[in-house]
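The values are calculated or read from the model by the stated rules, or taken from the named source; none is laboratory data. Keep in mind that what you see is a predicted model, and the values were worked out from it rather than measured. Because the Cβ atoms are built from the backbone with ideal geometry, glycine has one as well, and the counts that use them run over all protein chains shown. Areas reflect the complete protein model, heavy atoms only, side chains present, ligands, DNA and RNA absent. Shrake-Rupley method; radii C 1.70, N 1.55, O 1.52, S 1.80 Å.
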Amino acid sequence: MTQVNLLPSEVRERQKTRRVTTAIGAGAGAAVVLLGFVFVVQSSRLTSTQHQLTLQQSTNQRLQSQIVGLQRYQDLKQQVSDRQAVVTEITTGEIQWSGVLRDLSMVIPGDVWMNTVTGSASSAAGSTTTISNAAPGSNLSGQLQFTGSTLDHPSVALWLTRLEKAHGWVNSWVTTSTKQDGMVSFTGSVDFTSEVTSGGRQ
């Protein structure tokens, strides 16, 4: 059975236009809704990102304050290091007299007694100026001069031998050795190499 649309063509065109307009409006509405949803999602993400940024900036400020507070300790550490370097520079080449006295006590024979002990150093730390009254050929950092007593001359010889067993001690020398009333009195010296100084002693 054939259907015949009896509406005028103008009416049919208006209906068709109305349907198209309605479809376009519906599509536009859906697009607006979609755009609104995207906007809400992006706004939420932006808010979250800004919050995280604010937290990070707060953390950075706190850490920066801690760094500033710790900087003075770093400055103090550097000052101590600088002063230690100055002290090391000043004392390098100085004779360590405490070590000299310790070594002396270890090499003295049991039957030898020291009456006087005098130490001397070169005119400047680390120099090789010849020590006054040093043994011939010595170009050293210091010298120990002594007077002592013992019972016989072999003990003086033993004393000289043991002197050079001390670390950095060389050129042991007896200037005089005289026996009187059963006692031997002697004078002499021993030279120090740079191994006796703060830079050479280990």
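Consider the range 177-188 and keep the residues that are small (Gly, Ala, Ser) and under 9 Å from Thr147 (Cα atoms). The one that is nearest to the chain's Cα centre (by Cα) is Gly188. Summed over the range 141-170, residues that are of a type outside the set (Ser, Thr, Tyr) and more than 40 Å from the chain's Cα centre (by Cα) total 13. Would you please list the contacts, defined by Cβ atoms under 8 Å and residues six or more apart or on different chains, that run from a residue in the range 180-202 that is modelled with pLDDT under 85 and of a type in the set (A, V, I, L, M, F, W, C) to a residue that is part of a strand (DSSP E or B) and crowded, with 16+ Cβ neighbours inside 10 Å? Partner pairs satisfying both residue conditions: Val196/Ile95; Val196/Gly142; Val196/Trp169.
The number of residues in the range 48-64 that are over 25 Å from the mean Cα position of the chain (by Cα) and open to solvent by less than 90 Å² (accessible area, probe 1.4 Å) comes to 6.
Scanning for something surrounded by 10 or more Cβ atoms within 10 Å (Cβ to Cβ), over 33 Å from the mean Cα position of the chain (by Cα), at pLDDT 80 or above and within 22 Å of Thr197 (Cβ to Cβ), does the range 120-135 turn up at least one residue? The answer is yes, given that some residue of the range 120-135 is surrounded by 10 or more Cβ atoms within 10 Å (Cβ to Cβ), over 33 Å from the mean Cα position of the chain (by Cα), at pLDDT 80 or above and within 22 Å of Thr197 (Cβ to Cβ).
Table: residues versus (1) over 30 Å from Gly148 (Cα atoms); (2) touching an Asp or Glu at 6+ places or on another chain (Cβ under 6 Å); (3) at pLDDT 75 or above; (4) of a type in the set (Gly, Ala, Ser).
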{"residue": "Thr59", "(1), (2), (3), (4)": "yes, no, yes, no"}
{"residue": "Ser65", "(1), (2), (3), (4)": "yes, no, yes, yes"}
{"residue": "Leu76", "(1), (2), (3), (4)": "yes, no, no, no"}
{"residue": "Arg83", "(1), (2), (3), (4)": "yes, no, no, no"}
{"residue": "Thr91", "(1), (2), (3), (4)": "yes, no, no, no"}
{"residue": "Gly99", "(1), (2), (3), (4)": "no, no, yes, yes"}
{"residue": "Leu104", "(1), (2), (3), (4)": "no, no, yes, no"}
{"residue": "Ile108", "(1), (2), (3), (4)": "no, no, yes, no"}
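Of the residues making up the range 139-168, those that are in a strand (DSSP E or B) and either small (Gly, Ala, Ser) or touching a helix residue (DSSP H, G or I) at 6+ places or on another chain (Cβ under 9 Å) (or both) number 6. When the range 150-202 is limited to residues that are open to solvent by 20 Å² or more (accessible area, probe 1.4 Å) and β-branched (Val, Ile, Thr), the one that is nearest to Met114 (Cα to Cα) turns out to be Thr187. Of all residues in the range 136-149, those satisfying the criterion of being open to solvent by less than 20 Å² (accessible area, probe 1.4 Å) and modelled with pLDDT under 85 are Ser138, Ser141.
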